[in-house]
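Novice: Sharing a structure with you now.
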Amino acid sequence: MRERHAVVRPLHREADHAPTRVDWSRVAYRVLVSRALDELEETRLFPKREVLYQFSARGHELTQALLGEHLTGAHDGVAAYYRSRPLLLSLGLSVEHALASTMMRAGSISEGRDIGIVFNLPRTRDVTVLPACGGVGTQYTPAVGWAQALTYRANTLHDTEFSGCIALAHGGDASVATNGFWAALTIATTEQLPVLIFIEDNGYGISVPGIQQTPGGNIAANLGSFRNLRVFDGDGTDPQTASVLIADAVATVRQWKGPALIHLQVPRLSGHSGQDTQTYKSAATIASERARDPLAKLKAFVVPERLTAEAWAGLEQQARTEVEEALARVQQMPPPDPRRVTRHVFSEKDANGRIELQRQGGLAPDGHVHAPSSTQVKPQPSRINMLTAIRRTLELELSVNPKLVIFGEDVGPKGGVHAATLGLQEKFGRTRVFDTSLSEEGIIGRAVGMAIAGLMPVPEIQFRKYADSAAEQINDCGSLRWRTANRFAAPMVVRIPGGFFKCGDPWHSQTNEVQWVHGIGWRVAVPSNAEDAVGLLRAALRGNDPTMFFEHRAMLDGAWARRPYPGDQFVVPFGVARTIRPGNQLTVVTWGALVERCEAAATRSGIDAEILDLRTLMPWDKSAVLASVTKTRRCLIVHEDNGTAGFGAEIAAMLAKEAFFSLDAPIERLTMPDIPSPHSPNLLEAVVPSVESIAQTMRTVAEL
Ligand SMILES: Cc1ncc(C[n+]2csc(CCOP(=O)(O)OP(=O)(O)O)c2C)c(N)n1
């Protein structure tokens, strides 16, 4: 033990020392296979453009092969990045699959949809590798979400299989400057989660040196006194040092004593990617990096003490042969089929009507059976407001679905700044309804990790504008099913209030719902009243896709939006508009808070308008709009979001194409002008479509 203290540099005094059980022959083989793969790609496949993106792991292989030795928990979860291939090979990714991915073949990890170096491994009883992203730092918050799901499944659902399993976030030295890193660090240390942050420091983020990513260039040194974090630091090229440090770090986290960070220095022996010629490094720097090649150091460490020279040569030969044989097989594989490239954006059914389930993520792959649902309204005598409708639906779903968790800023004891979660923590406890740190990236990224771990996360973003800080996680969550060719999905329901209330302002009042419609893979609900809010929210909470549930602030307690509670089973299918008022003179298409105004405007204008409340924008009810416009021959679209590229433009484009010969007048849009929401009520009233301005526009369009 003492000797090991002499070689390793654990910054944390209480580092727990685990026995190092390393199969050096296996580690050597994995290092050699990774090196042979990079060699093949760098010298033969990349120059011939058979591989278009080459991210060499030369210099990073030893640390990752050693780490693979310790990731043995049945539910360990790894959030990897683009330089994680040696780790993936250690966790069971075959050489053939790895090559098929970079060579963009059918049947590979993403079927040629994503760069072949961002991997994933769906698993039910082995280490899961969460879908990696191209964005630096995006891996961290899903990793802490996975860690929290482990503790939830073990401690709250009492599934002992999850005890002692860990999450691992793998990144480079530049990634410690990202929002995701700090969001995850805060969550992990405040919640004391079993996550190991594994930083491989090759000194550069492409060309920018590490001293510009963290002061002094060593994140471990800087985090030495960070509360609730154990820190390990050392030379990742020295087999003995790296082996002991990694064993200790993993063992500490496995005991569920809290998170740890390990920082290991390694050389990057190739350019950042195939295109990078490293002109920013001096010849001396390159030479000193080569002198630290962990492969050479590993050979010196194991031969002859642990392996004979012949055995080492045999491993080298075997690794080259394995890679060449894999190449020969991959070259026989067909390229991906372009006819399939638009598939798997959302959960889909096959030709026989059966859902083509993702292999991992969400409740469905675990065979979860939801409580009965019905599209029939069972109205209760008294009316409730939309806020109560949302709260009641959340409460019912929490009670029938133990895998559902609600979280966000202030949603706990306070019950949310809009009171939608009032009393829920008291009733269901703080593991199921909890406050989070103030980081929207942290909230959504954590939800992604939890969803992949088989829970149904229901994060709240306090106001629409503040979803901006989570934009990267939202985008990556939406594209996750497509990127992984349906191997993974992360169904969740993100509740976001927004829109004008009594006043406006640029921070709390925008809607900008079109952003998610334009994004990939999100279903978008925009209910206008309490009944639809119940039905759409329940459908979303029992759905198999990520959903944005927009709660309009003006409708939460608005009198018009109050409706009888439609029952505990009530669901509203997405993509079905509601006809608020039948009419023959003009079709008005709207949603959210402006449905009420359009209805009042129809009465005021005296126009026989047919009003459609879309209720959901993704999917949206094209056929209802088309049928109505074909009948009335005129269309007015009214929305609160800005006009330019608002969702009204999409509706108008569809009608221009599909209803051109049915139209007696140009399609009209009435929207906010292209400005943020103004604060003063008189300014607000002047720009949000009002009953009067809608009525006037109805008359104009009807009379054209
Ligand atoms: C959010 C984001 N910004 C920029 C990039 C472009 N980019 C790709 S890798 C990289 C450097 C990352 O360096 P580091 O985290 O140290 O990992 P390494 O590549 O050295 O292994 C940059 C700037 C990106 N992929 N994502």
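Novice: Relative contact order, percent, of segment 586-704 when contacts are C-alpha pairs under 8 Å separated by at least 6 residues?
Specialist: Here the relative contact order equals 34 percent.
Novice: Between Pro194, Val208, Thr279, whose Cα lies farthest towards the positive end of the dipole of segment 181-279 when Lys and Arg beta carbons carry +1 and Asp and Glu beta carbons carry -1, centred on the Cα centre?
Specialist: Pro194
Novice: Listed highest first by mean packing, meaning other Cβ atoms within 10 Å per residue, what order do 589-596, 409-416, 47-54 come in?
Specialist: Top to bottom by mean Cβ count within 10 Å: 589-596, 409-416, 47-54.
Novice: For a distance above 19 Å, tell me the whole-number percent of Cα pairs in segment 571-676 that qualify.
Specialist: 38 percent
Novice: If you don't mind, there's one more thing I want to ask. Please determine, in degrees from 0 to 90 and to the nearest 10, the orientation of helix 647-658 with respect to the longest principal axis defined by the Cα atoms of the chain, where the helix direction is its Cα long axis.
Specialist: Compared with the principal axis, the helix lies near 70 degrees.
Novice: So, one more: Could you work out, for the chain, what percent of all Cα-Cα pairs fall into each 20 Å distance bin, beginning at 0 Å and stopping at the bin that holds the largest distance?
Specialist: 17, 45, 28, 9, 1
Novice: Determine which lysines satisfy two conditions relative to Lys297: a Cα distance under 29 Å, and not lying fewer than 8 residues away in the same chain.
Specialist: Lys281
Novice: Quick one: putting +1 on the C-beta of Lys and Arg, -1 on the C-beta of Asp and Glu, what dipole do you get for the chain around its Cα centre, in Debye to the nearest 20?
Specialist: 820 debye
Novice: So, one more: Skipping prolines and chain starts, which residues have an amide H placed within reach, meaning under 5 Å, of the one on Val433, given they are 5 or more residues away or on another chain?
Specialist: Ile406
Novice: What nm distance separates the two modelled labels at Arg290 and His518, each placed 7 Å from Cα along Cα→Cβ?
Specialist: 5.0 nm
Novice: Remind me, relative contact order of the chain in percent, using alpha carbon pairs under 8 angstrom and six or more residues apart?
Specialist: 12 percent
Novice: May I ask for the distance between the Cα centers of segment 446-520 and segment 276-315, given as a whole number of Å?
Specialist: The two parts, judged by their Cα centres, are 45 Å apart.
Novice: In degrees from 0 to 90, rounded to the nearest 10, what is the angle of the helix 386-400 Cα long axis to the longest principal axis of the chain?
Specialist: 40 degrees
Novice: Oh, and also: Taking the Cα centre as origin and putting +1 on Lys and Arg beta-carbons and -1 on Asp and Glu beta-carbons, what dipole magnitude results for segment 294-336, to the nearest 20 debye?
Specialist: 160 debye
Novice: Same structure, new question: At 222 nm, what helix-only mean residue ellipticity would the chain give, in deg cm²/dmol to the nearest 500, using -39500 (n - 2.57) for each DSSP H run of four or more?
Specialist: -11000 deg cm²/dmol
Novice: For helix 440-452, report the angle its Cα long axis makes with the longest principal axis of the Cα atoms of the chain; keep it between 0 and 90° and round to the nearest 10°.
Specialist: 80 degrees
Novice: Got a sec? Charge dipole of the chain, +1 on Cβ for Lys and Arg, -1 for Asp and Glu; which of Phe570, Ala184, Ser101 is way out at the positive end?
Specialist: Final value for the positive-end residue is Phe570.
Novice: Once the other residues with Cβ under 9 Å from the Cβ of Asp568 are scored (Lys, Arg +1; Asp, Glu -1), what is the net sum?
Specialist: In short, +3.
Novice: Run through all the Cα pairs of segment 632-704 and give the fraction in each 10 Å bin from 0, expressed as whole percent.
Specialist: 20, 45, 27, 7, 0
Novice: Students often check this: by mean Cβ neighbours within 10 Å, which of 94-100, 457-463 ranks highest, and how do the rest follow?
Specialist: 457-463, 94-100
Novice: Further, regarding this structure: What three numbers, in Å, describe the spread of the alpha carbons of segment 493-558 along their principal axes, ordered from the longest?
Specialist: 36, 27, 13
Novice: Quick check on the chain: of the DSSP beta bridges with both residues there, what percent are antiparallel, nearest 5%?
Specialist: 20 percent
Novice: Out of residues 5 or more away from Arg383 or on other chains, whose amide H comes under 5 Å of its own, with H placed 1.01 Å from N in the peptide plane?
Specialist: So Arg383 has HN proximity to no qualifying residue.
Novice: Just to check I understand the Karplus step: with θ = phi - 60° and J = 6.51 cos²θ - 1.76 cosθ + 1.60, what whole-Hz values come out for segment 111-118, glycine and proline as x?
Specialist: Running phi through 6.51 cos²θ - 1.76 cosθ + 1.60 with θ = phi - 60° gives 6, x, 7, 10, 4, x, 10, 9 Hz.
Novice: What order do you get for 170-179, 275-284, 322-331 when each peptide is scored by the mean count of other beta carbon atoms within 10 Å, highest first?
Specialist: Highest-to-lowest ranking by the protection proxy: 170-179, 322-331, 275-284.
Novice: Next up: Give the lysines reachable from Lys414 as a straight Cα distance under 30 Å; neighbours fewer than 8 places away on the same chain don't count.
Specialist: Hits, sequence-local ones excluded: Lys257, Lys403, Lys427, Lys465, Lys502.
Novice: Which value does Rg/Rh take for segment 338-486 over its C-alpha atoms, Rh per Kirkwood?
Specialist: Ratio of gyration radius to Kirkwood radius: 1.00.
Novice: Any idea what the relative contact order of segment 398-458 is, in percent, if you count C-alpha pairs under 8 Å spaced at least 6 apart?
Specialist: Relative CO of segment 398-458 lands at 39 percent.
Novice: Let me ask something additional. Can you give the local net charge around Glu310? Use residues other than it whose beta-carbon is closer than 15 angstrom to its beta-carbon, Lys and Arg +1, Asp and Glu -1.
Specialist: 0
Novice: Can you run phi through the Karplus equation (6.51, -1.76, 1.60; θ = phi - 60°) for segment 206-211 and list ³J(HN,Hα) in whole Hz, with x for Gly and Pro?
Specialist: 6, 10, 8, x, x, 5
Novice: Just report the Cα centroid separation between segment 43-72 and segment 646-704, whole Å.
Specialist: 54 Å
Novice: I would also like to ask the following. Rank Ala420, Met386, Thr375 by how far each Cα sits towards the positive end of the charge dipole of segment 358-430 (+1 on Lys, Arg Cβ; -1 on Asp, Glu Cβ) and give me just the farthest.
Specialist: Thr375
Every number here is computed from the coordinates shown, using simple stated rules; none is lab data. Note that this is a predicted model, so its numbers are computed, not measured. In this analysis, Cβ positions are derived from the backbone assuming ideal geometry, glycine residues included, and neighbour counts consider all displayed protein chains.
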